[in-house]
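Participant: Below you will find the structure I want to go over with you.
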Amino acid sequence: MLVNPHPYLSLSPTWYLSETTFLKLGLSYRHQVADSSAFSYSVDNKRVFIRSAFLEAHTEVGELFLTGALRVDDHKEFGSHGTYKVSVAYKVERTGTTLKAQYGTGFKAPTLSQLYGYYKSSWGTTVGNPHLEPEESEGWSLGLSQNLLGSRCRVEARYFKNHLWNIVDTYYDASRNVTTYRNEDKAITEGTELGLTFKVTDELSLFGNYTHLRAVSYDSTTGRWEELERRPKETFNLGLNLNLEKLSLSFWAHHYGSRKDTDWSDFRNPRKVTLRSFTTFNCYASYRLNERVDLYLKGINLTDKDYELAYGYNTMGRALFAGLEVSFK
């Protein structure tokens, strides 16, 4: 199945009510059309659209920082769903400590391919499931950051936990001899994030962060919790930032740990595999032309590392992006 090029429109103006308070409004529209005319199974003219609106508000009261956001997604197949997020931070100026907390909910509709897809290859046949339900979630986090050495060094730590329902998963349907999709009952992702930033000079700083993740889903057929696929237990970044008068440079290494996946080459007897860990090297540069205009250049996977995020699917190699950013603030 092919998903034809689709229109996507987005608008997100921001109003600054004061130096410490702003409101941000967002509107977007996305339209997709399925085309399977090249296959024996046709789902032509299957269409979905998603209309979204969100409102975000932020303010500061002394050493207290408050942010709240509301979002409504109107999906052609699943109707309207509202989600929200609230976050609070309290800064203790005397000790250089900041305490943080956040809570939010989420909604994610199945993709057009997961609903109506049809794909046939040497691995077998994959078909969509129009009876899928959207994924829903809620999550919270607690964290703190601490300035050290006269604010030249900052240490951060955060614990997070998310509950997810109706996660879309792939499985083999023996009764139809096809691979298709289904909703898992529930899943949990939780972990710890650690971060460190050290200011070597006024222009040069070093940074690093590390995440340890536990991700499991409940299998109602076996009554057991099983490890979620394609989620590494460990990831980390190491890098540096250089800020000159008009030029800013960043360089970082991104490490993605090993994780479980499924080999569907024999779709009647799929087997569990382990995807190897990998590290990519990346860079970002920006140059300020004036107070409103910046030029930027971004490089991803500079060494053209060959790796897989999903078994049997290659990922993008070396890539360079250039652009222009204009601010109307």
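Participant: Taking segment 248-292 as the search range and keeping residues that are closer than 30 Å to residue 177 by Cα and of a type in the set (Asp, Glu), which one is modelled with the lowest pLDDT?
Facilitator: My answer is 266.
Participant: Take residue 309 and decide whether it is among the aliphatic types (A, V, I, L, M), assigned to a strand (DSSP E or B) and out of contact with any Leu (no Cβ under 7 Å at 6 or more places or on another chain).
Facilitator: Values: among the aliphatic types (A, V, I, L, M): yes; assigned to a strand (DSSP E or B): yes; out of contact with any Leu (no Cβ under 7 Å at 6 or more places or on another chain): yes.
Criteria met by residue 309.
Participant: For segment 77-123, enumerate the residues that are surrounded by fewer than 16 Cβ atoms within 10 Å (Cβ to Cβ) and over 27 Å from residue 140 (Cβ atoms).
Facilitator: Listed by number, the residues that qualify are 94, 120, 121, 122, 123.
Participant: Also: For residue 272, which of the numbered conditions (1) surrounded by 12 or more Cβ atoms within 10 Å (Cβ to Cβ); (2) part of a strand (DSSP E or B); (3) not aromatic (Phe, Trp, Tyr) fails to hold?
Facilitator: Failing condition for residue 272: (1).
Participant: Taking the criterion of being at pLDDT 90 or above, in contact with a Gly (Cβ under 9 Å, 6 or more places away or on another chain) and aliphatic (A, V, I, L, M), would at least one residue in segment 171-186 satisfy it?
Facilitator: no
Participant: Another question about this same structure. Can you confirm whether segment 80-91 contains a residue that is without any contact (Cβ under 8 Å) to a residue 24 or more places away in the chain, in a strand (DSSP E or B), touching a Gly at 6+ places or on another chain (Cβ under 7 Å) and of a type in the set (D, E, K, R)?
Facilitator: Among the residues of segment 80-91, at least one is without any contact (Cβ under 8 Å) to a residue 24 or more places away in the chain, in a strand (DSSP E or B), touching a Gly at 6+ places or on another chain (Cβ under 7 Å) and of a type in the set (D, E, K, R), which makes the answer yes.
Participant: Among the candidates 311, 307, 296, 256, which residue alone is closer than 30 Å to residue 23 by Cα and touching a strand residue (DSSP E or B) at 6+ places or on another chain (Cβ under 6 Å)?
Facilitator: Only one candidate qualifies: 296.
Participant: In segment 139-170, which residues are in a strand (DSSP E or B), modelled with pLDDT under 95 and β-branched (Val, Ile, Thr)?
Facilitator: 168, 170
Participant: Of these, 111, 125, 97, 105, which one is touching an Asp or Glu at 6+ places or on another chain (Cβ under 8 Å), among the polar types (S, T, N, Q) and on the phi < 0 side of the Ramachandran plot?
Facilitator: Working: 111 fails: touching an Asp or Glu at 6+ places or on another chain (Cβ under 8 Å); 125 fails: touching an Asp or Glu at 6+ places or on another chain (Cβ under 8 Å); 97 fails: touching an Asp or Glu at 6+ places or on another chain (Cβ under 8 Å).
That would be 105, the only listed residue that is touching an Asp or Glu at 6+ places or on another chain (Cβ under 8 Å), among the polar types (S, T, N, Q) and on the phi < 0 side of the Ramachandran plot.
Participant: Does residue 138 fit the bill of being more than 19 Å from the chain's Cα centre (by Cα) and of a type in the set (Asp, Glu)?
Facilitator: Criteria not met by residue 138.
Participant: A further question follows. Could you say which residue among 265, 286 is surrounded by 12 or more Cβ atoms within 10 Å (Cβ to Cβ) and outside any loop (DSSP other than H, G, I, E, B)?
Facilitator: Residue meeting the stated conditions: 286.
Participant: Only one of 201, 189 is buried (at least 17 other Cβ atoms within 10 Å of the Cβ) and either among the aliphatic types (A, V, I, L, M) or assigned by TED's automatic domain parsing to the domain that holds residue 267 (or both); which?
Facilitator: 189
Participant: Same structure again: Considering only residues that are within 20 Å of the chain's Cα centre (by Cα), surrounded by 14 or more Cβ atoms within 10 Å (Cβ to Cβ) and over 17 Å from residue 48 (Cα atoms), which ones fall in segment 7-30?
Facilitator: Scanning segment 7-30 gives a single hit, 26.
Participant: Follow-up. Do we find a residue being modelled with pLDDT of 90 or more, touching a Phe, Trp or Tyr at 6+ places or on another chain (Cβ under 8 Å), surrounded by 15 or more Cβ atoms within 10 Å (Cβ to Cβ) and within 25 Å of residue 211 (Cα to Cα) anywhere in segment 222-234?
Facilitator: Checking segment 222-234: at least one residue is modelled with pLDDT of 90 or more, touching a Phe, Trp or Tyr at 6+ places or on another chain (Cβ under 8 Å), surrounded by 15 or more Cβ atoms within 10 Å (Cβ to Cβ) and within 25 Å of residue 211 (Cα to Cα).
Participant: Do you know which of the residues in segment 1-42 that are among the β-branched types (Val, Ile, Thr) and within 19 Å of residue 109 (Cα to Cα) is modelled with the lowest pLDDT? First the steps, then the outcome.
Facilitator: Residues of segment 1-42 among the β-branched types (Val, Ile, Thr): 3, 14, 20-21, 33.
Next cut, within 19 Å of residue 109 (Cα to Cα) only: 3, 33.
Working: 3: 51, 33: 78.
Only one residue tops the list, namely 3.
The values are calculated or read from the model by the stated rules, or taken from the named source; none is laboratory data. The shown structure was predicted, so the numbers you read here are calculated from the model rather than taken from an experiment. Note: ideal-geometry Cβ built from the backbone for every residue, glycine included; neighbour counts use all protein chains shown.
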